[in-house]
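Notes follow the structure.
Where a number appears in this text, it was derived from the coordinates with a stated rule and is not lab data. From a predicted model like this one, the values you see are computed outputs, not experimental measurements. Cβ placement follows ideal geometry from the backbone for every residue including glycine, while neighbour counts extend to all protein chains displayed.
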Amino acid sequence: MARLHEGIAKGARGRAVTDLTIVKAASGTLSGSATLTPEQVESLRQGKLYIQIHGEKGLAPDGANLWGWLLR
């Protein structure tokens with residue numbers, strides 16, 4: 001599973017914005033789209049949006065394996 005999240009600051013975790021589609025494979029693709037509010041667009045500009053990927057054997061407490069911030 002993969003989700004787009006909005007952190008409270010650059011590099012900080014936060015709430016989920018939307019789910020993304022992910023192909024289950026050792027190597028694959030990640031895709032998705034979301035309509036962002038003006039506030040979320042500003043969060044994107046500030047580097048607060050990130051993608052969180054969960055694996056079948058992820059780490060506690062939420063099963064996440066990887067976080068990747070969207071930065072310019």
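Annotation: extensible slack from Trp67 through Ser31 equals 11.4 nm (criterion: 0.36 nm per residue apart, minus Cα-Cα distance). Counting only lysines at least 8 places from Lys24 when in the same chain, those with an alpha carbon closer than 25 Å to its own are Lys57. Sorting 45-52, 32-39, 13-20 by their mean Cβ neighbour count within 10 Å, with the most densely packed peptide first, gives 45-52, 13-20, 32-39. Computed about the Cα centre, the dipole magnitude for region 2-69 is approximately 140 debye when only Lys and Arg (+1) and Asp and Glu (-1) carry charge, each at its Cβ. Working note: Debye formula, equal point scatterers on the alpha-carbon atoms of the chain, no solvent; log10 I(q)/I(0) at q = 0.28 Å⁻¹ is -1.34.
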